Amino acid sequence: QAQLVESGGGLVQPGGSVRLSCTASGMFFSIYNMGWYRQAPGKQRELVAVIVGGSTTTYADFVKGRFTISRDNAKNTVYLQMNSLKPDDTAVYYCNAHRGSENYWGQGTQVTVSS
């Protein structure tokens with residue numbers, strides 16, 4: 001059974017940084033496209049960043065230059081480094097693994113940006 005577990009969320013001040021981690025189990029991690037999505041209260045879930053294969057990345061316009069997605073296939077883990085955080089970045093962040101018809105989600109981790 002494939003499983004994704006996120007960690008690293010919490011309360012951070014505006015302008016601060018945080019790194020999210022997502023560790024996969026029960027899957028051959030390296031063949032999956034991995035992504036981070038977020039959902040703020042009252043809003044739809046939206047794409048933040050995706051990493052395809054080992055290094056091809058795509059970012060939402062609202063995080064370009066601030067967030068970086070990366071993966072370590074030896075650790076079955078994908079990361080999201082978040083810098084220059086803004087209050088608008090407050091949301092539950094979800095990890096996603098996708099390959100063909102297979103689509104898996106983590107349980108989410110809360111990131112709150114507030115002073």
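Structure above, values below:
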| quantity | calculated |
| --- | --- |
| Potential extension, Phe28-Asn83 segment - 0.36 nm per residue separation minus Cα distance | 16.8 nm |
| Overall form of the range 24-67 per C-alpha gyration tensor (a/c, 1.5; a/b vs b/c) | oblate |
| The range 6-115 - percent relative contact order, Cα under 8 Å, separation 6 or more | 37 percent |
| Charge tally in the Cβ shell below 14 Å around Ala40, where Lys, Arg are +1 and Asp, Glu are -1, Ala40 excluded | +1 |
| Residues of the range 42-86 with amide N under 14 Å of a point placed 7 Å along Cα→Cβ from Asn103 | 45-47 |
| Environment charge of Ala91, counting only residues whose C-beta is closer than 15 Å and scoring Lys/Arg +1, Asp/Glu -1 | +1 |
| DSSP-loop trypsin sites (Lys or Arg not before Pro) across the range 46-115, with at most 14 other Cβ within 10 angstrom | Lys64 |
| The chain, accessible surface, carbon-and-sulfur percent (1.4 angstrom probe) | 47 percent |
| DSSP-defined beta bridges in the chain - what % are antiparallel, rounded to 5 | 95 percent |
| Cα-based Rg and Dmax for the chain, where Dmax is the largest Cα-Cα distance (Å) | 13.3, 42 |
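The values are calculated or read from the model by the stated rules, or taken from the named source; none is laboratory data. Everything quoted here is computed from the prediction, not taken from an experiment. Note that we place each Cβ from the backbone using ideal geometry, even for glycine, and neighbour counts take in every protein chain shown. Ligands, DNA and RNA are stripped out before the accessible areas are found, and what is left, the full protein with its side chains, is counted by its heavy atoms. Shrake-Rupley method; radii C 1.70, N 1.55, O 1.52, S 1.80 Å.
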